[in-house]
Amino acid sequence: MMGLDFILGLNQIGIELKDFDLEGLLIKTGYTVLKLIAIYIVYLIVKAAGNRIIHRSFERVQQRDRVSEGRAKTLESLTKNIFSYVLIFMIIVTVLQIFDIEATAILAGAGVVGLAIGFGAQGLVSDVVTGFFLLLEKQLDVGDYVTTASYSGIVEQVGLKTTHIRGFDGTLHYLPNREITSLSNHSRGNMRALVDIGISYNDDIDKAIEVLQAACDKVKSSNKSIVDGPNVLGVQTLGASEVVLRVLAKTENMEQWAVERELRKALKEALDANGIEIPFPHQVFIEKKE
């Protein structure tokens with residue numbers, strides 16, 4: 001009896017295997033894979049074309065409406081960011097439809113789930129709101145030199161969630177927008193170049209000021225980055241072994257460090273040429289002989 005049941009079971013399995021359309025399954029699977037590959041290729045093409053159109057559009061806006069380069073790059077970066085999110089959402093919906101999954105039902109369920117976890121996503125909402133007001137109030141643009149949340153560097157990208165700041169050592173900082181509670185923008189208006197240089201107490205201060213001012217005027221004539229000055233303000237401090245003179249200039253944005261380096265070199269050479277000593281630490285060696 002058991003042998004008969006076993007034989008009947010094998011016959012039933014054989015009938016089911018005959019009814020199973022393996023060829024049709026393979027064809028359907030291959031067709032689905034081809035559609036997924038086609039969707040991915042379309043995604044890459046649309047993304048590249050969209051980014052190119054956005055870039056050209058903001059170039060025309062910058063030239064036509066005389067928008068600053070930094071502002072144009074900031075809005076371009078944000079637009080590309082939004083475009084990427086929308087495109088990814090459309091791709092996900094399309095893929096779901098390929099697998100015969102109702103996107104509307106999933107979206108409705110996602111709405112309920114989103115409402116349930118909304119309290120846990122306050123950080124994300126805060127990032128988006130803060131980023132919106134940063135752009136609305138024009139607090140920073142791409143290319144600005146800023147200091148915020150203990151980071152200093154050049155703004156490379158402003159997004160809905162994060163702001164990218166490139167430090168001067170090359171490190172790229174991804175800063176959530178909600179952490180930008182206080183912001184110092186060093187790129188608004190002219191910058192200050194400041195150089196302090198010391199002379200000996202034995203030297204004539206008035207002569208030193210005259211020599212330094214002549215050197216400053218020479219630097220000014222050859223450097224177009226200097227907006228105002230440089231001028232020798234006078235005695236800044238009386239040190240332990242030197243009289244410190246201060247030189248001040250106003251420069252174009254982000255040019256202050258280069259101007260300071262050029263001034264230091266020119267001032268040092270001018271003082272040396274006129275025999276004015278720049279004090280430096282000395283060591284005196286006394287040898288005792290019996």
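Scanning segment 231-255 for residues that are modelled with pLDDT of 85 or more and under 32 Å from the mean Cα position of the chain (by Cα) turns up Leu248, Ala249, Lys250, Thr251. Where strands (runs of 3 or more DSSP E) sit wholly within segment 162-271, those with at least 3 residues that are without any contact (Cβ under 8 Å) to a residue 24 or more places away in the chain occupy 162-166, 172-176, 226-238.
Go through Glu210, Glu260, Glu179 for me and flag whichever is on the phi < 0 side of the Ramachandran plot and more than 29 Å from the chain's Cα centre (by Cα).
Selected residue: Glu210, the only one of Glu210, Glu260, Glu179 that is on the phi < 0 side of the Ramachandran plot and more than 29 Å from the chain's Cα centre (by Cα).
Here segment 207-261 is the region considered, the condition is being surrounded by 17 or more Cβ atoms within 10 Å (Cβ to Cβ) and among the acidic types (Asp, Glu), and the residue that is nearest to Asp272 (Cα to Cα) is Glu242.
The values are calculated or read from the model by the stated rules, or taken from the named source; none is laboratory data. What you are looking at is a predicted structure, and each value in this text was computed from that prediction instead of being measured. Cβ: placed from backbone, ideal geometry, glycine included. Neighbour counts: every protein chain shown.
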